[in-house]
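Before any comments, here is the structure.
The values are calculated or read from the model by the stated rules, or taken from the named source; none is laboratory data. Small disclaimer: the values here were computed from a predicted structure and weren't measured. Methodologically, a virtual Cβ is constructed for each residue, glycine included, from the backbone with ideal geometry; neighbour enumeration extends over all protein chains shown. Just so you know, the surface numbers come from the protein's heavy atoms only, side chains and all, with ligands and any DNA or RNA stripped out. Shrake-Rupley method; radii C 1.70, N 1.55, O 1.52, S 1.80 Å.
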Amino acid sequence: MTYTKDNPKLVKCYFNCKDVASFTGTVKDNANTIAYYLNGTFHREDGPAIEFASGRKDWFLNGQYRDWE
């Protein structure tokens, strides 16, 4: 499920959710930065967990930063 600033109701639900620790999905902000989550932490196995609009990419597995390219 993707939560975007284009759908404020979904973003509000994600950021105000009492169960954020178990959130799994993606969040895209209005600057087009995309973050992938698994159980409330940054996580992605098949690419970067955070893709910034500037082109920067950060890799995380289970919330731990990985220095991958």
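Structural remarks
- Of all residues in region 2-39, those satisfying the criterion of being open to solvent by 70 Å² or more (accessible area, probe 1.4 Å), within 22 Å of residue 54 (Cα to Cα) and at pLDDT below 60 are 2, 5, 6.
- Scanning region 40-69 for residues that are of a type outside the set (D, E, K, R), open to solvent by 60 Å² or more (accessible area, probe 1.4 Å) and either in a strand (DSSP E or B) or touching a Cys at 6+ places or on another chain (Cβ under 7 Å) (or both) yields 42, 64, 65.
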